[in-house]
Amino acid sequence: MLERRGPCRPFGLRTVLATAGAMLVAAAAVTPAAAASPTPSPAAIGGAQLSGHGVLVNYPSGSVARLPKIKASAWVIADAGTGQVLAAKDPHGWYRPASTLKVLTAISLIPALNPNAMVVASKQATTVSPNIVGLLAGHSYKVSDLFTALLTISANDAAMALAQATGSLSQGMSVINAEARHLQADDTVAVTPNGLDAPGQHTSAYDLALFARQGLQMPAFLKYDQTTSAQFRISKKKSVGLWNQNSLLATYPGALGGKIGWTGAAGATYVGMARRHGVTLIVALLQCPALTEINAGKSLLNWGFSVDGKVRPVGTLVGPLQPPAPAPASARPAVADQRADRAQSVGSGPSVLAAAGFSCLALLAAGIGFAYSRRRSRS
């Protein structure tokens, strides 16, 4: 629960998608956990070539470096600036995300929560296993400290506390899934805020790249994600040290951040970002052998920097959905104007027409995505 020491930030337009997110969570509860790729859509998001399962690359006629051998079931290497996907393997295949899902949790909840607010840890948050940072039930924690723990040491209890700070765990999961729909990350259904395995939870390498690209545009996310070490106060008498698990930050020139993940079912997962000579690349990998994910990410980043601008992309990272523009004032009925004026006088924000239009669009998109996902077979 959120202690009344600081207000939550207003969610803004994109959270009208929260209802669609709640529908997806409910549907996921009766869907088996996805571990491998289903049959892809013939019209995959980001381009038709991205519907393939195997390694996808368009080498030019001239001589360029060949892709390194990567032991992962799925991966993507993309240019964050242009959105070009330089190469990929099974980019839209569904896999368990493990803690890479915390990137989505962070980019969803950072805009929703006041970083200075205090969160009272619930019993549910403190008993998640493994809990990692060691929150104590009934104790208060600063939102910004919880985000630091989330992205440095992958604190599962911090993820739960942050999701509950929206009002409830179910509301937090709705916000998280709404952000996935907003980013057009339609391979993703989040059931837990920390990425621990759950029935019906899945993502794709393509979607992880979308999450990373969004994170690169959020200074607060980068601040938390790039923290190399910090102290976290558990209680008045106890503090613990936080050290960033993403060794890319310390070992790869130009590293900007990222997130590692691991569960027995998911294997090792990873998303990383780096910038060299004005070019920013994103790498995402799923289902890697243990302790190989960061080195595999480095190999793909090295290849990407050497060929960026030399290979024809296999697809693109799409941008977020945009809400429909509000109708011109002259086209709105007088009654609608009066209602909008009254709503804005109590701090409602966007016009009723814009919010309603975007809500309908979101629900329609979610319904189509749900029906479509039910048709996809899982290998």
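Taking the Cα centre of region 122-256 as origin and assigning +1 to Lys and Arg Cβ atoms and -1 to Asp and Glu Cβ atoms, the resulting dipole is close to 680 debye.
A crude spin-label estimate for the pair residue 290 and residue 123, with each label 7 Å from Cα along the Cβ direction, gives 3.4 nm. In terms of accessible area, using a 1.4 Å probe and ignoring ligands and nucleic acids, 89, 236 rank largest first as 236, 89.
Do you know the relative contact order of region 201-255, to the nearest whole percent, from alpha carbon pairs under 8 angstrom that are 6+ apart? Relative contact order of region 201-255: 20 percent. Peptides 178-190, 123-135, ordered by how many other C-beta atoms sit within 10 Å of their residues on average, highest first, read 178-190, 123-135. Each of the peptides 79-88, 157-166 was scored by the mean count of other Cβ atoms within 10 Å over its residues; in descending order, highest first, they stand as 157-166, 79-88.
Evaluate E = 1/(1 + (r/R0)^6) for residue 239 and residue 265, where r is the Cβ-Cβ distance and R0 equals 41 Å; express this FRET efficiency to the nearest 0.05. The formula returns an efficiency of 0.80 here.
In this structure region 239-312 gives 39 Å² per residue of accessible area when probed at 1.4 Å with all protein chains present. Taken as Cα centroids, region 273-308 and region 84-161 sit 23 Å apart, rounded to the nearest whole angstrom. At 1.4 Å probe size, with the rest of the protein present, what percent of the exposed accessible area of region 42-127 is carbon and sulfur atoms? Carbon plus sulfur share of accessible area: 55 percent.
The values are calculated or read from the model by the stated rules, or taken from the named source; none is laboratory data. If you're wondering where the values come from, they're calculated on a predicted model, not measured in any experiment. Ideal geometry is used to build each Cβ from the backbone, glycine not excepted, and the neighbour counts take in all protein chains shown. Surface accessibility is based on the protein's heavy atoms, side chains included, excluding ligands, DNA and RNA. Shrake-Rupley method; radii C 1.70, N 1.55, O 1.52, S 1.80 Å.
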